[in-house]
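S.K.: Handing you this structure, nothing more for now.
What follows is calculated from the coordinates using simple rules that are stated; it is not laboratory data. Everything numeric in this text was worked out from a predicted model, so none of it was measured. Ideal geometry is used to build each Cβ from the backbone, glycine not excepted, and the neighbour counts take in all protein chains shown.
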Amino acid sequence: MMKRRWMLKVLSVILLTCFAMVALFPFAALLLASFKPANELMRFGLNLQLDPEEMNLQNYLYLFTKEGKIYWTWYKNSLLITLLFTLITLFLSSMVGYALAIYNFKGKNAILFLVLFLMMIPLEILMLPLFEEMIAFRLVDTYGGVIIPFAVSPFAVFFFRQYALGLPKELIDAARIDGCSEFGIYLRIMGPLMLPAFGAMGILQGLNSWNNFLWPLIVLRTDEMFTLPIGLAGLLTPYGNNYDVLISGSVLAVLPILVLFFLLQRYFISGLTIGAIKE
Amino acid sequence: MKQESSLSKSSELSVGSRLKRDRKKILSAKYTPYIMIAPFVISFLLFFLYPIIKTVIMSFQSIYPGETTFIGWENYRKLFNPRFYTAVFNTAVYTLWTLIILIPIPMILAVILNSKLTPWRNVFRSALFIPALTSVIVAGVIFRLIFGESELSLANSLLTMLGFSPQQWMMNWGTGMFLMVFLASWRWMGVNILYFLAGLQNIPKELYEAAEIDGAGPIKKFFRITLPMLKPVTIYVLTISIYGGFRMFEESYVYWENNSPGDIGLTITGYIYQEGFQNFDLGFAAAIGLVLLLIILLINTVQLQFFGLFRKENS
């Protein structure tokens, strides 16, 4: 019996190690590639010949030349859009979710049904009319155009509603007796109680926004407004000669997220799993 | 402190003004929920209802700058063409592969990670999750480096080592599909593991203890307890995988940028993008989009019905 257990343990460690290596190896490959001459890399792929004389920091230094400067503009756009989007979507979605959990009002169930329904709709199919709306609102090629159409996330609304259902309602009555307004209750009493939910959803929405591709690709039209994924994807042509930016830029695009992940692991994981736990 | 001051203030108020205040508060309690849900309602009307109605109308129109005419079902008739079949076929095959890979394997890995016998569980969990942090674009950059066309590229040298001939990964249908499925599996494995782990932690321990007393081995326990108890999570993962698979776009875009040789990477969303934003055939693109919506809703409704019926039988 002991022997079988031991065997099982060894087997599972071997299996997990294999999968973990497949998961992590590409990062090592990217890091290795970033120190190699870029122009040949994307055309022929990365090989394992380690020639220390060939390795250099050229790809990174290129980011600081005149041609590489645009990369930092993309970086700034990505940071600002992610920050703004996350703040706005957290505020609006939590408020809607809170109202759906705490209050009883006419039409509540219809709204809840719509929230769940929207979670099943692929928004890709609405790209064309949405883009026309962006033209009409003069939001093409602006941060607002990327953020506003998706600022109220049905997924986040549902998440906050599930979370708010578990909040102690007695506090609300106590606050009302103290003369607190309904918005005051939400902002000053119940809001702070939802802090873990804000943490988890904030990370998830931030990650989505940082990596978002299709919609920004459509709305953002000029080089100066591109986000990182759009800018980097533009360098992915088979003929381009900007692979230096592409590779070192990719390293620097994942780096902040990896750092955040190691600092805030708990929140990452709770944000992703909540949908599956609650039935 | 705050409470005290508000108490003393309210006792200073006259009866009349207190009544007025109370009425205001009742009114506020009545209207506040509507103000709070207003962002959702506005967003729903502006960014869903209007666009979907517009899409339906557009799908019956021929739209070119300055010239919009109703053409009946013509756009839907145009759907019967080889490129649309290719797009649907590629998307369906891709979705099927992601289901085959991204449900059983994460489930088994989650069971292993959930066992107290397994050492370094947190390290493994984090390592397996990390690919989910990358954008598809960055992941695509990495995969294009690894699966380069030179015989010396990482993937090809591995193949040669194992005795196979090197491949032109991005040029053939089979290898191209492999690249897309591999990229998706690499990015999503850790996320699905987390879903299954969450499901496993909800299974009451007593069930296993009771089974052990009855002398059930690990395999029997897995099929009799774990698998049935994981059903809600499995259905959730299945639903989002079908949804994610059929709307796939980026996993193909990073390899071929919407112009794959022989359409080996053409997906339904890619086809919408091509027709709408490159050929400006907006009416046709709208029709494709509605068919995509129909496919996703149909498959997920059937799938949920199917498993839902089973659930009723069980209880």
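S.K.: Under the definition of partner shielding as Cβ atoms of other protein chains within 10 Å of a residue Cβ, what is the mean value for peptide A:7-18? Numbers along the way, then the final one.
M.R.: Details: counts 0, 5, 5, 0, 1, 11, 5, 0, 5, 12, 3, 0.
Mean shielding by partner chains, rounded to a whole number: 4.
S.K.: Mean Kyte-Doolittle hydropathy of 1.0 or higher plus an axial Cα length of 30 Å or more: which whole DSSP H helices in chain B meet both? Show your work: numbers first, answer last.
M.R.: Details: long enough: B:15-44 (44 Å, 0.11); B:173-201 (41 Å, 1.07); B:282-314 (48 Å, 1.50).
The answer, listed by residue number, is B:173-201, B:282-314.
S.K.: For the stretch A:196-255, compute Rg over Rh where Rg is the Cα radius of gyration and Rh is the Kirkwood radius from the inverse mean 1/r over Cα pairs.
M.R.: Numbers: Rg = 13.8 Å, Rh = 12.9 Å.
Across the stretch A:196-255, the Cα-based Rg/Rh ratio is 1.07.
S.K.: So which trypsin sites (Lys or Arg not before Pro) in the stretch B:114-145 end up in coil per DSSP with only 13 or fewer other C-beta atoms within 10 Å?
M.R.: Details: sites: B:K116, B:R121, B:R125, B:R144; in loops: B:K116.
Passing sites in the stretch B:114-145 are B:K116.
S.K.: Counting other Cβ atoms within 10 Å, keep those with at most 15, restrict to DSSP loop, and tell me which GluC sites (Glu not before Pro) in the stretch A:24-78 are left. All intermediate terms of the calculation are to be shown ahead of the outcome.
M.R.: Working: sites: A:E40, A:E53, A:E54, A:E67; in loops: A:E53, A:E54, A:E67.
Those that pass, being in a loop and sparsely packed, are A:E53, A:E54, A:E67.
S.K.: Show the residues, 5+ positions off or on another chain, whose built amide H is closer than 5 Å to the amide H of B:Q61.
M.R.: B:I71
S.K.: Looking only at chymotrypsin sites (Phe, Trp or Tyr not before Pro) in DSSP loops with at most 10 other Cβ atoms within 10 Å, what is the longest site-free stretch of chain B? Display every interim value, and only then the final one.
M.R.: On the way: sites that count: B:F80, B:F164.
My reading of the result: B:165-315 is the longest stretch.
S.K.: What longest region of chain A stays clear of chymotrypsin sites (Phe, Trp or Tyr not before Pro) that DSSP places outside H, G, I, E and B and that have at most 15 other Cβ atoms within 10 Å?
M.R.: On the way: sites that count: A:F64, A:F137, A:Y239.
In short, A:138-238.
S.K.: How high is the relative contact order of chain A, in percent, with contacts defined as C-alpha pairs under 8 Å that are six or more residues apart? Don't skip to the answer; put the middle values down first.
M.R.: On the way: 244 pairs, mean separation 85.4, N = 279.
Over chain A, the number comes to 31 percent.
S.K.: Same structure again: In whole Hz and in residue order, list the ³J(HN,Hα) couplings for the stretch A:182-194 that follow from phi through the Karplus curve 6.51 cos²θ - 1.76 cosθ + 1.60, θ = phi - 60°; x for Gly and Pro.
M.R.: Karplus values, whole Hz, x for Gly and Pro: 4, 5, x, 4, 5, 6, 9, 10, 6, x, x, 5, 8.
S.K.: Can you tell me the mean projection area, over all orientations, of the convex hull of the stretch A:122-279's alpha carbons? Units nm², please. Don't skip to the end; give the middle numbers.
M.R.: Numbers: hull surface 52.2 nm².
Mean shadow area of the hull around the Cα atoms is 13.1 nm².
S.K.: Over chain B, how many pairs of lysines fall under 19 Å by alpha carbon, counting only those 8 or more apart in sequence or from different chains?
M.R.: So the count of such lysine pairs works out to 13.
S.K.: Let me ask something else. Could you tell me how far the Cα centroid of the stretch B:187-210 sits from the Cα centroid of the stretch A:208-229, in Å?
M.R.: Taking the Cα centre of each part, the stretch A:208-229 and the stretch B:187-210 sit 36 Å apart.
S.K.: Return the equivalent ellipsoid semi-axes of chain A as a descending list in whole Å, where each equals the square root of 5 times an eigenvalue of the C-alpha gyration tensor. Can you show the working numbers first?
M.R.: Numbers: eigenvalues 336, 167, 57 Å².
Its equivalent ellipsoid spans semi-axes of 41, 29, 17 Å.
S.K.: Where in the stretch B:178-285 are there GluC sites (Glu not before Pro) that are in a DSSP coil and have at most 10 other Cβ atoms within 10 angstrom of their Cβ?
M.R.: Numbers: sites: B:E206, B:E209, B:E212, B:E250, B:E251, B:E257, B:E275; in loops: B:E257.
Answer in residue order: no site qualifies.
S.K.: With everything on Cα atoms, drop me the angle between helix A:69-102 and the longest principal axis of chain A, reported from 0 to 90° to the nearest 10.
M.R.: 20
S.K.: Report the Cα centroid-to-centroid distance between the stretch A:115-135 and the stretch A:49-91 in angstrom, as an integer.
M.R.: 30
S.K.: Separate question: Explain nothing, just compute: Karplus ³J(HN,Hα) = 6.51 cos²θ - 1.76 cosθ + 1.60, θ = phi - 60°, for every residue of the stretch A:12-26 in order, whole Hz, x for Gly and Pro.
M.R.: 5, 5, 4, 4, 4, 4, 4, 5, 5, 5, 4, 5, 8, 3, x
S.K.: Restricting the calculation to Cα positions, tell me the Rg (one decimal) and the Dmax (whole number) of the stretch B:154-259 in Å.
M.R.: 20.1, 61
S.K.: Still on this structure, please answer the following. Go ahead and estimate [θ] at 222 nm for chain A from helices alone: -39,500 (n - 2.57) per DSSP H run with n ≥ 4, summed, over the residue count, rounded to 500.
M.R.: Details: 14 runs with 189 residues, N = 279.
Estimated from H runs of four or more residues: -21500 deg cm²/dmol.
S.K.: Considering all projection directions equally, how large on average is the shadow of the alpha-carbon convex hull of the stretch B:81-314, in square nanometres? Let's see the in-between values first.
M.R.: Values: hull surface 64.1 nm².
For the stretch B:81-314, the mean projected area of the Cα convex hull comes to 16.0 nm².
S.K.: Same structure, new question: With just the Cα atoms defining each centre, how far is the stretch A:172-197 from the stretch A:1-47? Give it in Å.
M.R.: 49
S.K.: For q values of 0.06, 0.09 Å⁻¹, compute log₁₀ I(q)/I(0) with the Debye formula on a Cα-only model of the protein assembly as shown, without solvent.
M.R.: Normalising to I(0) and taking log10 leaves -0.37, -0.81.
S.K.: Still on this structure: If each DSSP helix of 4+ residues adds -39,500 (n - 2.57) and the sum is divided by the residues in chain B, what number results at 222 nm, nearest 500 deg cm²/dmol? Walk me through the numbers on the way to the answer.
M.R.: Values: 16 runs with 219 residues, N = 315.
Per the formula, -22500 deg cm²/dmol.
S.K.: Could you work out which residue, out of A:V22, A:V115, A:V157, moves most in a Gaussian network model of chain A, that is, has the largest mean-square fluctuation with Cα springs under 10 Å?
M.R.: A:V22
S.K.: If you line up the long axis of helix A:108-118 against the longest principal axis of chain A, both from Cα atoms, how many degrees apart are they, to the nearest 10?
M.R.: The angle comes out at about 10 degrees.
S.K.: Can you give me the Rg/Rh ratio for the stretch B:103-217, using Cα atoms for both radii and the Kirkwood formula for Rh?
M.R.: Ratio of gyration radius to Kirkwood radius for the stretch B:103-217: 1.14.
S.K.: Now for a different question. Which whole number of Å³ per residue matches the convex hull of the alpha-carbon atoms in the stretch A:12-113? Please list the in-between numbers first.
M.R.: Values: hull volume 23.4 nm³, N = 102.
Cα convex hull per residue, to the nearest whole number: 230 Å³.
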